[in-house]
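Heads up, the thing below is written out as structure tokens.
The values are calculated or read from the model by the stated rules, or taken from the named source; none is laboratory data. These numbers were taken from a predicted model, which means no experiment stands behind them. Cβ: placed from backbone, ideal geometry, glycine included. Neighbour counts: every protein chain shown.
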């Protein structure tokens, strides 16, 4: 008996040593709310889904860190909410959660007082929690001050960091451009403050982007690879996409792509020749050219694993582009090809029925759409597919609403 007691105490001691990270409550949301009110704390709520990659990264690599746990366990009542199960959908709707992960800070009365969005390193998560504890740094307070006209530089920098933590891209762009207008690009050309420039998202034709382009070697030394790529490729992609809808010929489009590539040699720019031609076709009402070339491109993958997924992507694009789906020739041919895919029980049963459900939904054929959706849902579930993804629920609701 004594040996068993010693063993139990040893196990408890060892588990205490290795227990670290955020400790989450296991009851209902109302129970967590009551505890937060009783202890005069905020709830920290991780709003997640089972299919969300950044959610899994936070749960496995960030929430488990000792310094994160030490801070959050002391300051908050911590709660996890699967926003697609149980009370999750209602909670997500109540708090306007539409991207994942969303990290909410909620007071004992149930009011969301601060929010973070997206995956982040431990130091940013802790900084976000500290901001939630300070009423003067909460997003609602900062937004009100901004709307009241506060344009002090220190305040704008604080507000920019807050909207960045929420991944509010429009506010990031607006606030960062105000900061640069009051200072200069040069002031922020350093590792600590380059986020101000990257958040501004200047378009290709702007003098600010042209300055960055002229100083791209300095930018490369300052920014990490992801920021560097997004800064330049984002601007080039937007510029070329717009150009593809206004130019008068493919030759003119390809010449502009070549010019941009010579200006900023990156394989991505050169690769856009294969995709932007389709934007050109739609803008210039060359619908048959779009379909014939896209079909040839996708059918070249037949026999390969990605074939049915590329076909599905094409199907979605057609159904979501009025000029394409408005063509009887295209819609009829697409339907026949999808029926052939669906007939292949080995490789096409799941995705084929998904595509047919969408086509019948467009045609307002409710019974056919529902029958195909039911087959897709059942077979996808058997295969271990993700039937909880929002797109699946949206499709079901759209069919039921017919």
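Results, tabulated for the structure shown:
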read-out	value
Single unsatisfied condition, residue 262 versus (1) surrounded by 14 or more Cβ atoms within 10 Å (Cβ to Cβ); (2) modelled with pLDDT of 95 or more	(1)
Index of the failed condition, residue 234 passing every other in (1) closer than 30 Å to residue 334 by Cα; (2) part of a helix (DSSP H, G or I)	(1)
Complete set of residues in segment 251-279 that are part of a helix (DSSP H, G or I) and within 21 Å of residue 321 (Cα to Cα)	273, 274, 275, 276, 277, 278, 279
Scope segment 311-332; condition closer than 15 Å to residue 297 by Cβ, in contact with a helix residue (DSSP H, G or I) (Cβ under 8 Å, 6 or more places away or on another chain) and surrounded by fewer than 18 Cβ atoms within 10 Å (Cβ to Cβ); matching residues	317
Selection count, segment 172-205, where residues are surrounded by 13 or more Cβ atoms within 10 Å (Cβ to Cβ) and free of Cβ contacts under 8 Å to residues at least 12 places away in the same chain	4
Extreme residue, farthest from residue 213 (Cα to Cα), among residues of segment 235-259 that are under 28 Å from the mean Cα position of the chain (by Cα) and surrounded by fewer than 16 Cβ atoms within 10 Å (Cβ to Cβ)	245
Residue in segment 288-295 that is modelled with pLDDT of 95 or more, within 26 Å of residue 259 (Cα to Cα) and surrounded by fewer than 18 Cβ atoms within 10 Å (Cβ to Cβ) present	yes
Residue within segment 373-393 that is crowded, with 17+ Cβ neighbours inside 10 Å and closer than 29 Å to residue 283 by Cα present	no
Those helices (runs of 4 or more DSSP H) lying entirely in segment 316-385 with at least 3 residues more than 27 Å from the chain's Cα centre (by Cα) and over 22 Å from residue 401 (Cα atoms)	328-343
Where residue 394 falls short, out of the listed (1) within 30 Å of residue 98 (Cβ to Cβ); (2) touching a helix residue (DSSP H, G or I) at 6+ places or on another chain (Cβ under 7 Å)	(2)
